[in-house]
Structures are given as C-alpha cells and as structure tokens.
Amino acid sequence: MTSQTPIAETIKDLSQELLLTLAQAKARLLAEDPESSRPLTVGFVPTMGALHEGHATLIRRAREQNDVVLLSIFVNPLQFGPGEDYERYPRTLEADAALAAAEGVDLIFAPSVEAMYPGGDPKITVSSGKLGTIFEGKTRPGHFDGVLTVVNKFFNILLPLTLPQDAQLTAYFGQKDAQQLALIQRMVKDFNQQITLKSVPVVRADDGLALSSRNQYLNEQEREAALVLSRTLATLREKYITGTLGPDALDQARAAIDSTEGVRLDYLEVVDTDTFEAPTSDQARVLALVAAFVGSTRLIDNMDIN
Ligand code: AMP
C-alpha cells in the first residue's frame with residue numbers, strides 16, 4: 001500500500017475506523033475552537049473504483065466542504081446484468097488509494113462482496129419504480145434496483161455511526177449518472193433519510209469525452225469514434241438555445257451517432273432533468289441524454305441544454 005489513508009475493508013472495520021476518525025476530527029475542531037458547538041460534517045463519496053478526474057472532482061468538493069471525507073470503493077454485483085462487465089470491471093485499489101490519499105480522503109471503505117451481501121444476494125431490495133425502468137433501466141433491467149439497494153445499505157451503515165457523534169452526512173454524486181442521481185434524490189426523500197445530497201457537473205477530457213472508468217476498454221479508434229456522443233449533445237444544446245431543436249433535429253442527431261463507424265445508438269432523448277419525461281414547461285431544466293455502444297463498450301453521457 002502506497003498511501004496513508006486507512007482502508008476499512010469490512011463493516012466492523014469501518015465502524016471502528018470511522019468512530020476513531022470522527023473522534024479525532026472532533027478533537028481537532030475543539031483544539032481550534034474550544035467553544036465550538038457546531039456539528040461535525042462528513043462527506044461521503046461512493047464509487048466503484050478505477051478512479052479518474054471525475055471521481056477526484058467529487059472528492060475535492062467533499063474535502064472542501066467537510067471535516068471528514070469517506071470514500072467507498074465497491075464493484076456492486078447487484079447492479080450488473082447477465083453478460084455485462086462485472087468480472088472485467090477494472091479493479092485498481094492501490095492506485096485508487098494513492099489518488100484518495102493525495103486528495104485528502106480520511107478513510108476508504110472497500111468492503112468485500114461477502115461483507116456487503118452475507119449469504120448471497122439480498123432477499124429484500126429497493127425498487128426503483130417507473131423511473132428505474134426507462135432509459136438506462138430499460139436496457140439494463142434491475143440495474144437501478146441494484147444501485148439503490150447498495151446506496152441504501154451504505155447510508156444505513158453510515159447514519160447510525162455519524163448521528164450519535166452529532167455529525168451531519170452529505171453524499172456526493174456525479175451528474176454524469178443523471179438518472180441515478182434523480183433516483184437517489186427520490187429515495188432519500190421517500191425514505192426520510194437524514195442525509196444531504198450534492199452533485200457535481202460532468203467532468204470531461206479536453207476533447208469532450210465524458211470521463212468514465214469504462215473508457216479504459218476503448219481502443220484508439222473507438223476512443224475517437226466515442227467523441228460523436230459529446231459532440232452531438234453539444235449540437236443539441238446549440239439548437240435548443242437558438243430555438244431550432246425540433247423532432248427532425250433529434251432524428252438527425254440520432255442518425256449522426258448511428259452512422260458513425262463502430263457506434264450503435266441505444267437512445268438519444270431530450271428530457272426534464274427531474275422527471276425524465278418530455279419537458280413541459282419553460283422553467284424545466286432540460287437534459288439531453290445519450291447511451292451508445294462503442295465497439296462492445298456501453299457509454300452514457302448527458303448535457304444540460306438550457
Ligand atoms: P462510478 O465509480 O462509475 O460508480 O462513479 C462514482 C461516482 O462518480 C458517481 O456519482 C458518478 O456519477 C461519478 N462520476 C463518474 N464519472 C464522472 C464524471 N465524468 N463526471 C462527474 N462525475 C462522475
């Protein structure tokens with residue numbers, strides 16, 4: 001291990017390490033300001049690892065805003081369908097720990113599958129409802145139930161540790177996974193979870209490609225072909241802003257993606273950011289969403305277009 005950031009690998013380890021970390025943070029706070037009665041703040045950044053600048057941006061935001069920063073790294077089998085890339089998903093714990101340490105993460109939680117799901121898949125899971133069955137959920141049935149179940153478990157593991165310490169938990173998610181973000185916001189509200197959610201915009205490479213751990217699967221030609229996704233979203237934004245985005249423009253955009261060699265469009269749609277339905281009011285924040293296979297790699301991207 002190249003880093004100084006403690007890695008808590010099981011839930012028991014996490015509990016011990018987090019309580020210690022919170023106690024140390026509280027002591028630091030009181031040393032700086034003996035009168036301080038403000039609650040400790042804990043920023044939580046859940047990931048599947050193979051960390052890149054998108055994750056680093058979330059970590060930095062959490063670091064700026066909290067006393068304690070906790071990162072989870074867990075490739076969650078529940079959110080992968082049959083034939084998807086669960087086995088080959090990149091696992092780079094050492095490099096991830098080095099990045100986390102450099103960004104000032106206090107504690108990494110990297111549980112085993114057995115620690116998270118003792119005795120196999122859980123019998124009770126979170127249902128993502130209708131929003132979980134469209135777009136990503138249509139192509140990846142069960143994906144969002146798996147995401148919400150693991151995020152719910154993380155929150156349930158963390159909240160009892162933080163609340164008695166008078167600590168406030170904020171979880172950080174990327175707008176790169178816009179539908180996931182909308183579903184987690186819904187879950188926190190519907191389940192009355194005492195947690196604040198914050199999000200960061202999509203982080204892109206210089207040429208516009210949205211950063212993703214799955215970009216590692218792309219060869220040089222595929223990486224080049226994948227640029228059609230962000231370019232098409234940018235074109236849609238241009239058209240929306242100038243009032244020229246009609247159904248024809250959307251069809252042309254779909255054709256532009258589908259006619260790119262090595263790229264197969266799954267969906268391209270313009271939706272209301274909160275409901276993922278067709279935008280109805282001028283006040284709505286409007287999002288263009290895309291998913292496509294580039295070679296055998298499935299990529300998603302989205303852009304605020306108003
Ligand atoms: P993942 O490891 O892919 O599950 O992602 C963990 C978190 O990082 C999620 O909240 C993602 O939305 C966020 N994330 C991943 N890629 C990006 C990106 N390019 N820009 C912003 N956030 C991202």
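Every read-out reported here was derived from the displayed coordinates using simple, explicitly stated rules and does not represent laboratory data. The structure displayed is predicted, hence computed values, not measured ones. All Cβ positions, glycine included, derive from the backbone under ideal geometry; neighbour counts span all protein chains shown.
Observations
- Rounded to 10°, Cα long-axis angle of helix 178-190 versus longest principal axis of the chain: 50
- Net length available on complete extension from Ala234 to Arg285 is 16.8 nm, with 0.36 nm assigned per residue and the Cα-Cα distance removed.
- For the chain, the fraction of C-alpha pairs more than 26 angstrom apart is 48%.
- Helix 247-258 and the longest principal axis of the Cα set of the chain meet at an angle near 80°.
- Degrees, to the nearest 10: 143-162 long Cα axis against longest axis of the chain: 20
- Calculated FRET value between Gln24 and Asp190, using beta carbons and R₀ = 35 Å, to 0.05: 0.50
- Most simply put, the chain has about 45% antiparallel DSSP beta bridges, counting only bridges with both residues inside it.
- Given their separation in residues at 0.36 nm each and the Cα-Cα distance between them, Asn306 and Thr275 gain 9.6 nm when the chain is fully extended.
- Computed FRET value (nearest 0.05) for Ala256 with Ala31, which takes r as the C-beta separation and R₀ as 45 Å: 0.15
- Over the chain, dividing the summed -39,500 (n - 2.57) contributions of all DSSP H runs of at least 4 residues by the number of residues returns a 222 nm mean residue ellipticity of -12000 deg cm²/dmol.
- Gyration tensor over alpha-carbon atoms, the stretch 132-267, equivalent ellipsoid semi-axes in Å: 35, 17, 15
- Rounded, prolate or oblate (a/c below 1.5 giving rounded, otherwise prolate when a/b exceeds b/c) for the stretch 197-281 by Cα gyration tensor: oblate
- Packing rank of 48-59, 279-290, where each peptide gets the mean count of other beta carbons within 10 Å, highest leading: 48-59, 279-290
- Distance between the pseudo-spin-label points of Asp166 and Thr244 (7 Å out from Cα toward the beta carbon): 6.0 nm.
- A dipole drawn for the stretch 213-304 from +1 and -1 charges on Cβ atoms has a positive end, and of Ala225, Tyr240, Gln252 the residue lying farthest that way is Ala225.
- Across the chain, C-alpha contacts under 8 Å between residues 6 or more apart give a mean separation that, scaled by the residue count, equals a relative contact order of 17 percent.
- Check: the stretch 75-171 dipole with +1 on Lys, Arg Cβ and -1 on Asp, Glu Cβ, in debye: 440
- Stretching the chain fully between Glu9 and Gln216 yields a gain of 72.0 nm (0.36 nm per residue, less the alpha carbon separation).
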